[in-house]
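Chemist: Have a look at this one before I ask anything.
Read-outs throughout are calculated quantities, based only on the coordinates presented, and are distinct from any laboratory measurement. Quick caveat: nothing in here was measured; it's all calculated off a predicted structure. All Cβ positions, glycine included, derive from the backbone under ideal geometry; neighbour counts span all protein chains shown.
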Amino acid sequence: MLDTLHSILRPVEDAVTFVLLHLHDLGAPWPLAIVGLVVLARTLLLPLFVAQQRSALRSAALRPQVLAVQERYRGRTDVASRQAMQREVTTLHRDAGVNPLGGCLPGLLQSPVFLALTLTLESGDTLASFGSATLAGAPLAGVLTQDPDPATTVVAVVLLLLTAALQVVTMRASSTGVATPTSLLVAIPVVVVFSAAHFPIGVLIYWATSGAWTAGQQLIARQLVRRR
């Protein structure tokens with residue numbers, strides 16, 4: 001299974017290795033090289049973010065029409081009515097150029113990058129000194145759920161809490177006039193933390209840095225929308 005994943009992600013692994021090596025050769029410590037990798041990846045994804053924000057604004061503008069459609073079908077529980085309502089809502093979105101799945105693309109496109117980073121840390125074949133590098137005494141290849149030393153525990157917990165906090169900031173900043181339920185503000189960061197706890201410190205650095213970038217983008221986008 002691992003060999004298959006290596007084969008599929010080999011081009012991405014090579015690209016990640018290339019970027020990390022060149023940043024390290026320029027004098028960046030390995031943790032800072034990971035931050036540089038995030039900056040490069042997120043810069044390349046900026047056009048998608050702009051398209052996503054435009055779609056979100058159009059979706060917010062459509063909300064009164066969507067609510068009107070839902071109101072017309074209120075109380076109708078038969079399959080035909082539910083399907084008719086869904087078709088009307090889909091037509092509204094299509095005519096306005098709204099893609100409900102557009103917000104998922106940046107995250108999906110980043111997935112191969114941090115998976116490739118994980119494989120690079122675990123294999124240690126290409127970057128011998130990468131996995132053995134440390135952040136505040138914690139090896140970048142260290143994993144919180146795999147019998148960690150005290151330094152790994154502390155660094156991992158700090159990065160996980162930072163990632164969770166940034167997730168909350170992003171969710172609040174992303175709301176387009178609709179309050180985010182408190183249950184989601186709690187549940188999603190908790191799921192993110194428990195999932196991320198199984199990844200190496202190096203990937204947690206990537207995750208936290210990417211979270212900071214996303215939160216910053218959303219806060220800037222919200223300010224720009226308010227000035228319109």
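Chemist: Nearest 0.05, what FRET efficiency do Leu32 and Thr153 give at R0 = 22 Å with Cβ-Cβ as r?
Modeler: Values: r = 22 Å, r/R0 = 1.01.
With a Förster radius of 22 Å, E is 0.50.
Chemist: Grab the beta carbon distance between Val79 and Leu161, set R0 = 45 Å, and tell me the FRET efficiency rounded to 0.05. Intermediate values should be presented prior to the final figure.
Modeler: Details: r = 46 Å, r/R0 = 1.01.
After rounding to 0.05, the efficiency reads 0.50.
Chemist: Using 0.36 nm times the number of residues separating Leu48 and Val66, minus their current alpha carbon distance, what extension gain do you get?
Modeler: Numbers: separation 18, 0.36 × 18 = 6.48 nm, distance 2.48 nm.
Answer, rounded to one decimal: 4.0 nm.
Chemist: Which distance in nm do the two modelled labels at Gln146 and Arg87 give, with both placed 7 Å along the Cα-to-Cβ direction?
Modeler: Going by the 7 Å Cα→Cβ label model, 5.3 nm.
Chemist: So what are the ³J(HN,Hα) numbers for the range 72-85, from phi and the Karplus equation (6.51, -1.76, 1.60; θ = phi - 60°), rounded to whole Hz, Gly and Pro as x?
Modeler: These are the phi-based 3J(HN,Hα) values: 4, 9, 4, x, 8, 10, 6, 4, 4, 5, 5, 5, 4, 4 Hz.
Chemist: Ranking request for peptides 71-77, 57-63: highest mean number of other beta-carbon atoms within 10 Å first, then the rest in descending order.
Modeler: Values: 71-77: 10.1, 57-63: 15.1.
So the order, starting with the most tightly packed, is 57-63, 71-77.
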